[in-house]
Amino acid sequence: MNTVKYLAMKPCCRLLKPRFFGFSSPKRQCSFSKNSTNSNQNRTYLSQPSGNLGAQCVVDHTHKPFRRQYTSWGNSRIFLEKINGGIVRNDNCFAVKALPHIRNKSSRTEAGNEKNPENVYGRGGIDVKPLIEKIDKEENEYKENKDCKAVGEVDNVNIESSVSSSEDEAVSTRGVGKEAEKEAWKVLANAIVTYCGSPVGTMAANDPTDTQPLNYDQVFIRDFIPSALAFLLKGDKEIVKNFLLHNLQLQSWEKTVDCFCPGQGLMPASFKVITTPHEDGKEEERLDADFGESAIGRVAPVDSGLWWIILLRAYGKITGDLSLQERVDVQTGIKLIMNLCLSDGFDMFPTLLVTDGSCMIDRRMGIHGHPLEIQSLFHSALRCSREILSGDEGSKNLVSVISNRLSALSFHIREYYYVDIEKINEIYRYKTEEYSTDAKNKFNIYPEQIPKWLADWIPEEGGYLIGNLQPAHMDFRFFTLGNLWSIISSLSTPKQNQCILKLIESKWDDFVGSMPLKICFPALEYDDWRIITGSDPKNTPWSYHNGGSWPTLLWQFTLACIKMGRTDLAWKAVNLAEKRLPAEHWPEYYDTRNGKFIGKQSRLYQTWTVSAYLTSKLLLENPEKASLLFWEEDYDLLEICVCALSKSGRNKCSRDAAKSHILV
Ligand code: GLC
């Protein structure tokens with residue numbers, strides 16, 4: 001199609017009046033415009049603070065109709081100079097062909113002549129030699145000091161995770177581990193994607209033998225989180241800062257799915273660097289984001305913005321550099337995400353209502369509604385925002401809305417999502433069709449819903465948060481990420497946290513087996529599989545999202561274990577993974593009930609498999625850093641909830657009441 005015609009037909013978005021929290025949060029509606037210039041004139045877009053990001057590296061009139069408008073927010077060149085830390089781009093960022101080591105490698109076809117996975121120097125798009133040399137140096141230091149602590153290990157650790165059994169476990173596997181770690185760092189470095197000469201993220205998978213990478217050559221927001229933590233814990237903050245800022249830039253992108261415009265605060269699921277030849281032997285680079293409009297099934301990346309906020313906080317915590325989160329444009333980015341999540345709808349619950357496949361499980365798996373994973377990430381993002389948002393007048397209302405939502409959300413999850421043998425017995429004897437505000441069976445759950453597997457399977461000790469709760473519907477499947485992240489962010493009570501880990505321990509073969517960790521348990525089989533997944537051939541029972549085992553969940557498991565003083569469990573899982581992952585080329589996921597086989601359609605050299613392993617090791621070796629990444633109970637929040645309940649005459653309003661009522 002002719003470019004000009006196409007542009008003229010492209011839908012555009014008009015701004016409506018700002019609404020929330022006294023903060024300029026434009027709502028938009030779609031309209032078709034024959035003339036993009038005219039529609040630009042209609043735009044009174046967010047008054048963007050000076051110093052905000054320019055839109056892109058290369059001015060590209062054909063890609064998105066409104067791009068140039070954004071450059072008026074700030075000067076793209078200033079932005080590049082700032083984030084590149086000295087890599088000055090005086091033009092609009094042309095990558096010079098003669099310098100292949102700074103070229104983007106996100107497009108697999110361009111890396112066609114680099115089939116050898118051993119050839120790591122420069123493959124990832126930047127010169128990784130210094131990183132590899134650093135690893136070699138540390139390995140030598142380790143060899144010379146075999147009886148001493150590992151490099152980077154700390155003396156004074158104030159949390160339980162330094163118990164001697166963990167130390168022993170660590171030492172006993174250190175030989176194998178060092179080799180695995182060394183290879184992992186190389187694979188990770190190799191996956192780095194650069195934009196305008198600077199590292200901006202890591203591609204999802206980087207298997208040189210894969211001829212059909214689909215979108216696995218892109219930088220996924222959720223996939224980059226363990227990579228980011230590995231880099232930060234290793235002392236490399238540049239790539240993380242660039243990633244955060246570039247995604248911020250993409251957040252304000254004009255995005256359309258057919259003729260509809262998703263909310264302005266939406267962060268992309270992934271992005272890639274597009275390189276196109278330019279005159280004078282140069283190449284142009286631009287970032288191309290996917291907000292779900294190209295994704296299989298057109299799934300909404302609800303988790304991306306939540307992860308972005310979580311990473312932003314982690315960046316400040318680990319580096320001590322708070323200047324990034326204090327930037328006006330960054331504060332604006334947080335507010336946009338929060339506004340999107342907190343906007344009024346028809347909801348009756350404080351949980352976030354989403355469509356199927358809006359998180360790590362990005363295919364139809366019956367997780368529409370109020371899936372636990374989204375709730376736990378939402379909870380963390382709320383806690384991060386409450387911490388990070390500046391206390392000025394412009395944020396005051398928003399912070400108070402956040403606090404109220406946090407209280408209601410944790411109350412709701414603690415009360416209604418947590419099950420153990422006792423609770424299941426209670427549900428088993430539920431009366432139904434109760435009409436009143438103090439109904440016991442509030443969601444009208446029919447006891448027949450208790451699945452057969454659960455009654456036999458649930459142990460005497462331990463418990464977990466169910467996968468989803470809707471009217472007359474409890475999804476009793478165990479979803480690992482949501483449960484682990486609830487422990488990490490203190491969404492569940494301290495006692496519930498303990499019980500979740502206890503359950504994982506007592507059902508080790510089900511959750512871990514031959515490879516940590518099952519994404520959910522159990523798998524959907526027979527008619528359930530047919531009806532709930534829509535007969536998805538990728539999500540067959542005990543494969544992929546349907547009960548497959550995902551090594552990337554290792555880092556979250558490790559963090560949860562460190563928080564709960566159970567590093568023995570984390571080491572057990574890490575040791576298991578370490579024995580197989582490098583030998584089997586870092587698969588994306590494993591199949592079968594026990595996690596024995598490499599997944600049928602699993603990618604190899606899957607970056608978040610590699611970085612989750614590295615991050616787990618780094619966290620175990622630096623527990624004081626790990627403690628920066630989790631949250632403890634916040635009694636102020638509990639108090640808000642108890643006070644709210646007391647207004648309806650159900651409880652006394654005090655901090656003690658909060659403790660006794662909510663800390664089961
Ligand atoms: C798969 C996973 C998703 C991940 C993506 C890239 O689609 O389900 O969670 O982000 O691959 O690795």
Scan the range 266-296 residue by residue and report those that are surrounded by fewer than 22 Cβ atoms within 10 Å (Cβ to Cβ), more than 14 Å from the ligand (Cβ to nearest atom) and part of a loop (DSSP other than H, G, I, E, B).
-> His278, Glu293
For Ile337, are the conditions met, namely being crowded, with 22+ Cβ neighbours inside 10 Å, closer than 24 Å to Ser252 by Cβ, at pLDDT 95 or above and within 16 Å of the ligand (Cβ to nearest atom)?
-> no
Of the residues that make up the range 235-246, is at least one assigned to a helix (DSSP H, G or I), within 16 Å of the ligand (Cβ to nearest atom) and either in contact with a strand residue (DSSP E or B) (Cβ under 9 Å, 6 or more places away or on another chain) or within 30 Å of Glu624 (Cβ to Cβ) (or both)?
-> yes
Residues (more than 14 Å from the chain's Cα centre (by Cα), in a loop (DSSP other than H, G, I, E, B) and small (Gly, Ala, Ser)) located in the range 357-375 | Gly366
Tally, over the range 587-609, of residues that are more than 12 Å from the ligand (Cβ to nearest atom) and at positive phi = 2
Any chance Tyr430 is among the hydroxyl-bearing types (Ser, Thr, Tyr), under 23 Å from Asp475 (Cβ atoms), away from the ligand (no atom under 16 Å from the Cβ) and outside any helix (DSSP H, G or I) | yes
Could you figure out which of (1) more than 20 Å from Leu481 (Cβ to Cβ); (2) in contact (Cβ under 8 Å) with a residue 60 or more places away in the chain isn't true of Leu629?
-> (1)
Name the pairs whose Cβ atoms lie under 7 Å apart, with the first residue in the range 504-524 and touching a residue at least 12 places away in the same chain (Cβ under 8 Å) and open to solvent by 10 Å² or more (accessible area, probe 1.4 Å), the second small (Gly, Ala, Ser) and part of a loop (DSSP other than H, G, I, E, B), and 6 or more positions between them or separate chains?
-> Ser506/Gly462; Gly513/Gly595; Ser514/Gly595
Among Asn575, Asn483, which is more than 15 Å from the ligand (Cβ to nearest atom), touching a residue at least 60 places away in the same chain (Cβ under 8 Å) and open to solvent by 10 Å² or more (accessible area, probe 1.4 Å)?
-> Asn575
Here is a list of conditions, (1) surrounded by 24 or more Cβ atoms within 10 Å (Cβ to Cβ); (2) modelled with pLDDT under 95, and Asp210 meets all of them except one; can you say which number that is?
-> (1)
Does Thr558 count as open to solvent by less than 10 Å² (accessible area, probe 1.4 Å), within 16 Å of the ligand (Cβ to nearest atom), part of a helix (DSSP H, G or I) and in contact with a Leu (Cβ under 8 Å, 6 or more places away or on another chain)?
-> no
Would you be able to say whether some residue in the range 633-648 is at pLDDT below 95, in contact with a Pro (Cβ under 9 Å, 6 or more places away or on another chain) and more than 16 Å from the ligand (Cβ to nearest atom)?
-> yes
Applying the selection to the range 438-467, what residues are assigned to a loop (DSSP other than H, G, I, E, B), farther than 19 Å from Ala523 by Cβ and either touching a residue at least 40 places away in the same chain (Cβ under 8 Å) or open to solvent by less than 70 Å² (accessible area, probe 1.4 Å) (or both)?
-> Ala439, Asn441, Phe443, Asn444, Ile445, Pro459, Glu461, Gly462
Screening Lys452, Lys423 for residues that are modelled with pLDDT of 95 or more and charged (D, E, K, R) leaves only Lys423
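The values are calculated or read from the model by the stated rules, or taken from the named source; none is laboratory data. Treat the numbers as computed from the prediction; the structure is a model and nothing was measured. Note that each Cβ is placed from the backbone with ideal geometry, even for glycine, and that neighbours are counted across all protein chains shown. Just so you know, the surface numbers come from the protein's heavy atoms only, side chains and all, with ligands and any DNA or RNA stripped out. Shrake-Rupley method; radii C 1.70, N 1.55, O 1.52, S 1.80 Å.
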